[in-house]
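What follows is one structure encoded as structure tokens, with my remarks underneath.
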Amino acid sequence: MAKRDRMSGNEAVAYAIKQINPDVMPAFPITPSTEIPQMVSTFIANGEIDTEFIPVESEHSSMSAAIGSEAAGARTLTATSSCGLAFMWEELLVAASNRMPIALALVNRTLSGPININCDHSDSMGARDTGWIQIYAESNQEAYDNFIQAYPIAEDPRVHLPIMICQDGFITSHAVMNIELLEDKEVKDFVGTYQPEEFLLNPGKPMAVGPYSVSNYAMEARYNQEAAMEASKDVIIEVAKKYKELSGRGFELFEEYRTEDADYIMLIIGSAAGTAKQAVDDLRDKGIKAGVLKLRVFRPFPADEIAAALSNCKAVAIMDRTESYNGHGGPLASEVTAGLYRNKVMIDTMCYTYGLAGRDFTVDTVYGIFDELKDIVENGAEYKQHRYVGLRSK
């Protein structure tokens, strides 16, 4: 039976870790993810779980230790943010290419510089091409639910890839919300016991991990990673269906909010989706057919599914909480517009950069964006196709 509680996003993820009771957690503290390893180490010290906690000297060492323990056959996780993820960069690629189903609790925080500790998605989006599955949460509840689903996705034989479970720093990680928790046994049964087919400590089957790959094999290895990433899409959906049967809470690759007859749609990731939904409710009351598409899974990227979901609207605002410095939008803008083009969905698109380094994103901001979409469609107005919203000078 579900239990009701009030928790921050970090507490919710730490509680999910406690219920899963993984084998090994190497970690190094960094704001705003520090509370997660702190809480897990407290659970260990109190005898509530028997996870082996490894204090390391850096985030690079944290991911190195995670790779080593996972290679030895241990279910492994770590947690980090921002510069910590950047310090892991080399090892992120190693973990993915060695097909290690490590779970990483990522609390999104802007990358320096200038130095700042608040939320944007520059850390995870910077790592988008390292071969990790990426799932994002709008709320504390989703951060909890997503982490419970992480291992069944990553450890599936069709996948065997590492996975990032992302939530917005401070906005969800430190804010307290009502949350519904599963019973410990329900979580343990759902996640199951890790039974790797290949691992270093199997005396009957010697193997190497991370050997030098000559040109005859390296390209095939990359192709196999890509095939596994594509296969993970079906696995993510399958796991979500099973989780809905257990919890009553359903998940897809993305959530469509009031989009069934929408003329104008905002496509967005993370906690800001809640603000967008409130604004859409307000606009609907005024007779404006607005909707929100909240992207949950960024890797694998559901380009065809997004194109189908947007095919009947007149215009879409694509919202990036990071910058790609390419002059026409962030990573989401690039991926979505490419997917629309390949699927021959020719609708008006506007690409916005918002909320960098914790800049406020309000319902008034959303109203203004929908006004611009409406102006483009109804009046043929011309706007710069990529621009920042929320700047002090604008």
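Just so you know, all these numbers are worked out from the coordinates, no wet-lab data involved. Nothing here was measured: the structure is a model prediction, and the numbers come from that model. All Cβ positions, even for glycine, are placed from backbone atoms using ideal geometry, and neighbour counts span all protein chains on display.
Build a GNM of the chain with springs between Cα atoms under 10 Å apart, and of Pro162, Pro331, Pro211 the one that fluctuates most is Pro211. By the gyration tensor of its Cα atoms, with a ≥ b ≥ c the square roots of the eigenvalues, what is the shape of segment 1-126: rounded for a/c under 1.5, prolate for a/b over b/c, or oblate? Oblate, because a/c is 1.5 or more while a/b does not exceed b/c. Tell me, how many Å apart are the Cα centres for segment 195-224 and for segment 343-360? The distance from the Cα centre of segment 195-224 to that of segment 343-360 comes to 40 Å. If you run the Gaussian network model on the chain, springs between alpha carbon atoms under 10 Å, then out of Ala276, Ala338, Ala74 the most flexible one is Ala338.
Stokes-Einstein diffusion for the chain at 37 °C, viscosity 0.692 mPa s, with a Kirkwood radius from C-alpha pairs, works out to 152 µm²/s. Got a sec? Charge dipole of the chain, +1 on Cβ for Lys and Arg, -1 for Asp and Glu; which of Gly210, Pro37, Ala338 is way out at the positive end? Most positive-ward Cα: Ala338. Highest mean first, the peptides 82-94, 354-366 sorted by other C-beta atoms within 10 Å per residue fall in the order 82-94, 354-366. Length gained on full extension, Val377 to Ala308: 22.9 nm, using 0.36 nm per residue less the C-alpha separation. The overall shape of segment 228-309 is prolate: from the C-alpha gyration tensor, with semi-axes ordered a ≥ b ≥ c, the ratio a/c is 1.5 or greater and a/b exceeds b/c. Judged by the mean number of other Cβ atoms found within 10 Å, the most tightly packed of the peptides 309-320, 225-236 leads the ranking 309-320, 225-236. A Förster distance of 41 Å, applied to the separation of the beta-carbon atoms of Lys242 and Met346, puts the FRET efficiency at 0.65. Per residue, the Cα convex hull of segment 92-230 amounts to 141 Å³.
Each peptide in 109-116, 288-295, 267-274 receives the mean, over its residues, of other Cβ atoms within 10 Å, and ordering these scores from highest gives 267-274, 288-295, 109-116.
What does the charge count around Val13 come to, taking other residues whose C-beta lies under 12 Å from its C-beta (Lys +1, Arg +1, Asp -1, Glu -1)? Once positives and negatives cancel, what remains is -3.
When Asp375, Asp123 are arranged by Cβ crowding within 10 Å, least crowded first, meaning fewest neighbours, the order is Asp375, Asp123. Need one word for segment 254-388: rounded, prolate or oblate. Basis is the Cα gyration tensor (sqrt eigenvalues a ≥ b ≥ c); a/c below 1.5 gives rounded, then a/b vs b/c decides. Rounded, since a/c falls under 1.5.
Among Met125, Met219, Met350, the residue with the largest mean-square fluctuation in a Gaussian network model of the chain, with springs joining Cα atoms closer than 10 Å, is Met219.
Computed over the chain, the per-residue total of -39500 (n - 2.57) for DSSP H runs of n ≥ 4 gives a 222 nm mean residue ellipticity of -13000 deg cm²/dmol, rounded to 500. Across the cross-link table entries Lys241/Lys277; Lys18/Lys241; Lys18/Lys277; Lys344/Lys374, which are compared at the Cα atoms, the separations over 29 Å belong to Lys18/Lys277. For segment 112-129, the residues whose backbone nitrogen is under 20 Å from a point 7 Å from the Cα of Thr362, taken along Cα to Cβ, are 119-120. Mean silhouette area of segment 319-374, derived from the convex hull of its C-alpha atoms and averaged over all directions, reads 4.3 nm².
The distance separating the Cα centre of segment 21-85 from that of segment 97-169 comes to 15 Å.
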